[in-house]
Each structure stands twice: as C-alpha cells, then as structure tokens.
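Everything on this sheet refers to the single structure shown next.
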Amino acid sequence: MLTVVVLLPVVVAAVLMMLPRLSQRAVAWSWVAAAAVDLALVIWMWIGFDPGRGTSGVVDGLAYDTKVRWIPTVDAAYHVGVDGLSLPLIALTSLLFLAVAIWSQREQDRPRRFAAVFLFLQTTCLGTFAALDLILFFVFFDLSIVGMYFVIAGWGHGNNRRSALKFFLYTFVGSLALLLGFIGLFLGGEERTFDMVRLAARPPLDDSPLLCGLVLLAIGIGLAVKTPLFPFHTWLPDAHTDAPAAGSAILAGVLLKLGTYGFVRIAMPMLPAAWQRWAMVAVVVGVVSVLWGAFVALAQRDAKRMIAYTSVNHMGYVILGLGVAGLVGADPEARTIATVGALVQMVSHGLLTGALFLLTGVLWSRGGTYDFSRWGGLARPAPLFAAALAVAVFGSLGLPGFSSFIAEFQVFTGTIQAAPVAGVIAVTGILVTAGLFLLAVQRLLTGPPLLAVPDAGPVTDDDGSTGSEFGVTADTAPRRAPAAAHAGHGAMDHGAMDHGAMDHGAMDHGAMDHGAMDHGAMDHGAPDDADAQTTTPTTTTPPPPSFPDLRMHEIASIVPLLVLSVVIGLAPVFLLDVIAPAAAAVVELVSR
C-alpha cells in the first residue's frame with residue numbers, strides 16, 4: 001500500500017500530460033481526486049499502524065515494509081516503510097497537497113502542467129519520507145528540488161526566475177554535500193550497504209572520531225541548507241516571496257521538513273557518537289536560528305517575507321529539541337520530551353505556516369502585493385479572511401489550544417532541564433514572534449480600509465508623486481484605493497469622463513441638480529474660460545473599494561489545516577501515541 005501512496009501522484013501526472021485535450025475543469029478535479037485518494041490511503045495506513053510501546057521505530061517496529069533489489073553492487077534497494085517518525089509527515093504531506101489542489105481550482109496559467117508538476121512534487125516528498133535506503137532517499141530528495149524549481153520559475157511572480165535559480169543552486173549544492181556524507185557512511189560501515197535500518201542498528205565510523213565528525217559535517221550542511229538554518233537560510237525569503245501561494249505552502253509545509261527529518265532519521269541514529277560530541281553546537285545553532293528568524297521577521301514590511309523568516313525561527317525550535325537529545329549527561333526523559341516536541345513542531349509548522357502562505361495568496365490575488373503599507377482595515381470587508389488569519393497567527397505564536405503550544409512547550413521543558421541557559425534564551429524568541437504576528441494583524445485587519453487595487457498605470461501617492469515606497473516601484477506596484485475623490489469641473493467634463501459615468505447609479509441625483517451646478521458647465525460643448533474659473537468643484541464620495549472575502553475553494557483549502565491544528569492542540573493523544581515510541585527509540589540510539 002505504501003508504494004501505491006508514493007507513486008499514485010506521479011502516475012496521475014503522467015496521465016494528465018498524455019491527455020493534452022483534457023479540459024481545465026477535468027484537470028483540476030483529476031488532481032483533487034488523486035490527492036484525496038492518496039490522503040484516504042494514508043488515513044487507512046494510520047488506522048492500521050501499531051506504534052508499539054516503549055521504544056519502537058528506526059531499527060524495528062517498521063510497518064508497510066517493502067524491499068526490492070535495485071543496485072545490488074552497492075546493496076542499494078527500493079526499500080520503503082513507515083514508523084512513528086515518518087508516518088505523521090507522510091500524512092501532513094498528503095493533507096497539504098490536497099489543500100493546494102483545492103486552492104488551485106481556478107488556476108488559469110497552463111493548469112495541466114501546473115497540476116502535473118505538483119503531483120510529481122508530491123511523489124518526491126512522499127518518497128523521501130518513506131525511503132529506508134540512502135540512495136533512494138537522495139533520489140527523491142534531489143528530485144524535490146527540481147519540482148520546486150519549476151513551480152517557482154514557471155508560475156511565480158516578481159523576480160521569480162532569479163529566485164528559482166538561487167533556490168536550486170543553494171539546495172543542490174547542499175544535496176551534493178549530503179551525497180558525500182552518504183558515501184562516507186557506506187565506506188565506513190563494516191558491511192558496505194546503503195540500507196538505513198542496518199546502518200542505524202550498526203553505526204559506522206564509531207572507531208574513527210575524526211572521520212565520523214567529517215561525515216556528520218557533510219550531512220549536517222546538506223540538511224541545514226534544506227531546513228534551512230542560520231546561516232544557510234538566505235535562499236528562503238526570495239524563494240517564498242516570488243513563489244505562487246501554492247508553492248510557498250508546500251515549500252514551507254513539506255520541503256523544509258525534508259531537512260529536519262534527515263537529521264532525526266539519518267544523522268542522529270547513524271552517527272550517535274558524533275552527534276553526542278556536537279550536540280551543544282546543534283543547540284546553539286537552534287537558538288541562533290530562533291532569535292535571528294524572529295528579529296529579522298520583525299523588521300519586514302512584506303507579509304510573505306515576514307512569514308518566510310518565521311520559518312527559520314520555527315525550524316530553530318526543531319533543531320534545538322534534536323540537539324538536546326544528544327546531551328547524554330541530561331535526564332533521558334527530558335531529552336525524549338524535547339525530541340517529541342521537535343517532531344510535533346514539524347507537523348504543527350506545516351499546518352499553520354501552510355495556511356498562512358495560502359492566506360497571503362489571497363492578498364496577492366486581490367491586490368497584487370504583500371506590502372503592509374498597501375493594506376489595512378480588512379476585517380470589515382472580509383470577516384472570514386480576518387478570522388482565518390487571526391486563528392493562524394495565534395496558532396503560530398504558540399497560544400494554548402493549538403498544535404504549536406504542544407510542540408514548543410515540550411521543546412522548552414526538555415531544553416530547560418538539559419541546557420537551561422539555552423532554553424531561557426530561546427524563550428525570548430516566542431516573545432518576539434508574538435509581537436511581530438500581532439503587529440501584522442494590526443496592520444492588515446484594523447484601522448480604516450486601505451485596499452490595494454491592481455492598476456496598469458503608475459502609482460500616485462497622496463502628494464501626487466509617483467515615487468517608490470519600501471522598494472516597490474511606482475510602475476509596478478498596485479494603486480491604493482482612495483477613501484474619497486475630489487471631482488472638479490475638469491473631472492466632470494465629457495472629454496475626461498464619458499456620459500455613462502455620470503448616470504444616477506454612480507452619483508446622487510442631487511449632485512446633478514441644476515441648482516448645484518450651472519447648466520453651462522454640463523453643456524456638451526467646451527465651457528468658456530469664465531465658467532471654468534468660477535465653477536465651484538463638488539466633492540463626492542465613491543463607494544468604498546472592494547476586497548472580496550474568502551471564496552469557497554479558499555475556505556475548503558485553509559480551514560481544515562487550522563481545524564486540525566486546534567484538534568492537535570486540544571486532543572494530541574492520537575499524534576503523540578505515534579510519535580513518542582519513535583522519539584524514545586532515537587534518544588536510545590543516540591545514547592549508545
């Protein structure tokens with residue numbers, strides 16, 4: 001069944017590409033149907049999964065295990081299976097790709113290819129989480145870079161091609177470092193194999209601390225670029241800002257987890273001695289990422305860029321928890337709690353940040369900008385959007401009742417026991433994150449309505465200038481909808497405005513009364529200079545600018561993510577029962 005889950009999306013993608021005459025509606029619903037079937041299969045797998053008790057996972061307790069010979073000369077195989085580490089992430093992946101498929105129902109730009117690329121990307125992500133062979137892991141891991149490159153370059157906006165190239169080069173170089181580390185694991189083992197289960201059971205290079213450290217460095221750099229962690233995060237803001245909303249949701253919700261998952265699946269159990277020696281470095285990197293991501297996000301004036309930097313902050317919590325797992329001098333139970341929190345944080349971040357990026361897609365579809373200065377007072381015209389944004393924001397800042405609280409509470413509990421100074425410093429990241437998210441809510445939802453309206457012409461500021469603001473040029477930025485307009489005689493002249501614009505539906509009849517304005521001023525001929533100079537201009541207030549609220553397909557894609565975050569926050573047992581035994585197994589393996 002797991003192989004069907006992994007390969008079904010790419011098979012549907014191939015079928016869509018072979019049917020060029022398929023209608024846009026048929027393509028959209030085929031994509032939704034494939035994603036829904038995949039999610040249904042994953043739910044069936046979850047129901048039939050036995051997580052075990054105590055320590056179970058990584059080297060035993062694997063379910064839906066399938067192994068087929070592939071490259072026998074290096075003992076590489078098509079080997080897939082799930083445990084408490086991978087199953088929650090496979091479920092998250094299936095859910096987010098279904099949400100994106102629903103979100104993209106109205107995609108007009110090459111919809112068949114758009115659907116095919118995302119279905120291909122879904123297979124690469126599912127394959128990475130399911131892989132139990134290092135070469136198979138690397139193949140899926142690398143192909144995910146290719147898929148996201150085409151999403152950003154083909155359907156992004158702004159400087160999307162440059163951002164796509166930057167994303168590809170950064171992450172591809174990281175994957176090359178990862179491959180070198182995998183080769184080191186193969187050459188350093190007693191039995192030359194790429195099988196992840198056997199390498200975790202019998203760690204290679206235990207008798208060579210230097211080589212063990214170098215292999216961990218190579219793997220760590222490769223995964224840190226993908227996560228991303230400070231200072232390897234510089235590709236992330238541009239990629240997010242210029243990607244389409246669907247691409248950003250998958251990039252943050254799924255692709256970043258490929259990096260953190262690699263740490264817990266590969267680096268920690270296969271190189272336990274090196275992870276112990278360098279665990280405090282991981283803790284420090286985690287704390288720096290938490291603080292750096294939060295403070296840089298606070299300085300942003302672009303909503304999407306702000307959310308991108310909060311991903312660095314939230315992934316810092318994951319690495320902080322995983323680093324604590326390697327502090328073998330601390331209480332094993334505290335280390336396990338921190339590891340469980342890190343794993344839950346992966347799921348929580350995927351749900352909440354995926355929803356946030358889809359909500360920024362609403363801003364772009366309505367006004368063509370993410371600039372905070374172009375939006376305001378959206379709670380009035382769009383109460384559903386405001387409610388969804390508020391829920392996602394409060395969830396992301398770790399409010400009790402959301403999945404993020406379950407994750408971060410456990411990370412801090414374990415960290416403060418094992419590394420109290422690091423834990424206390426990291427807590428300040430929550431304060432900064434809370435401030436920046438609340439500030440974003442104030443900017444977007446409160447105050448008088450300020451709605452960005454796409455316009456082909458230059459932007460005119462209140463003083464009549466057409467300069468740039470916050471890096472947005474006057475030629476490309478959307479125009480702010482005015483609260484009121486002044487209509488002088490020139491604006492009333494038929495040369496400036498056609499007669500249909502002066503009908504009674506656009507302006508009150510009293511404003512057109514002959515007592516309020518001289519009849520000669522309304523004459524079809526050009527008025528004389530005396531009339532032009534003596535006519536008193538009238539001030540009219542047009543209808544308020546429009547911001548359409550969430551549409552049905554947007555609600556159907558965003559709300560389930562938020563609801564699941566609340567369910568995990570209020571009743572996390574169904575998730576923790578799956579994750580906890582695998583987390584305990586990782587801590588036990590690291591302690592060897």
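Only one residue in 327, 343, 320 is under 23 Å from residue 428 (Cα atoms) and within 18 Å of the chain's Cα centre (by Cα), so which one is that?
Matching residue, one of 327, 343, 320: 343.
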State whether one or more residues within the stretch 70-81 are under 22 Å from residue 197 (Cβ atoms), more than 16 Å from the chain's Cα centre (by Cα), crowded, with 23+ Cβ neighbours inside 10 Å and in contact (Cβ under 8 Å) with a residue 40 or more places away in the chain.
yes
Can you tell me which residues in the stretch 422-437 are open to solvent by 30 Å² or more (accessible area, probe 1.4 Å) and either under 17 Å from residue 285 (Cα atoms) or of a type outside the set (Gly, Ala, Ser) (or both)?
424, 425, 427, 428, 430, 431
Of everything in the stretch 28-45, what is open to solvent by 60 Å² or more (accessible area, probe 1.4 Å) and either in contact (Cβ under 8 Å) with a residue 60 or more places away in the chain or under 19 Å from residue 14 (Cα atoms) (or both)? Give them in sequence order.
29, 37
Report whether or not residue 378 is part of a helix (DSSP H, G or I) and either out of contact with any Lys or Arg (no Cβ under 8 Å at 6 or more places or on another chain) or among the aliphatic types (A, V, I, L, M) (or both).
no
So in the stretch 83-107, with the set limited to residues that are open to solvent by less than 10 Å² (accessible area, probe 1.4 Å) and over 18 Å from the mean Cα position of the chain (by Cα), which one is farthest from residue 577 (Cα to Cα)?
86
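For every residue, the table says whether it meets (1) aromatic (Phe, Trp, Tyr); (2) in contact (Cβ under 8 Å) with a residue 12 or more places away in the chain; (3) open to solvent by 40 Å² or more (accessible area, probe 1.4 Å); (4) part of a strand (DSSP E or B).
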residue	(1), (2), (3), (4)
68	no, no, yes, yes
109	no, yes, yes, no
112	no, yes, yes, no
120	yes, yes, yes, no
138	yes, yes, no, no
144	no, yes, no, no
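Can you list the helices (runs of 4 or more DSSP H) found entirely within the stretch 195-261 that contain at least 2 residues being in contact with a Phe, Trp or Tyr (Cβ under 8 Å, 6 or more places away or on another chain)?
In the stretch 195-261, the matching helices (runs of 4 or more DSSP H) lie at 209-226, 236-242, 245-250.
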Could you please let me know if residue 60 is farther than 23 Å from residue 348 by Cα, of a type outside the set (A, V, I, L, M) and not in a helix (DSSP H, G or I)?
yes
Return the residues of the stretch 1-18 that are open to solvent by 60 Å² or more (accessible area, probe 1.4 Å) and touching a residue at least 60 places away in the same chain (Cβ under 8 Å); say none if nothing qualifies.
1, 7, 17
Condition check: without any contact (Cβ under 8 Å) to a residue 60 or more places away in the chain, open to solvent by less than 20 Å² (accessible area, probe 1.4 Å) and out of contact with any strand residue (DSSP E or B) (no Cβ under 6 Å at 6 or more places or on another chain). Does residue 183 satisfy that?
no
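The values are calculated or read from the model by the stated rules, or taken from the named source; none is laboratory data. A quick note: this is a predicted structure, and the numbers were derived from the prediction, not measured. Cβ coordinates were reconstructed from backbone atoms using ideal geometry, including for glycine residues, and neighbour counts include every protein chain displayed. The protein model used for the area step is the full one, side chains on, heavy atoms only, and it has no ligands, DNA or RNA in it. Shrake-Rupley method; radii C 1.70, N 1.55, O 1.52, S 1.80 Å.
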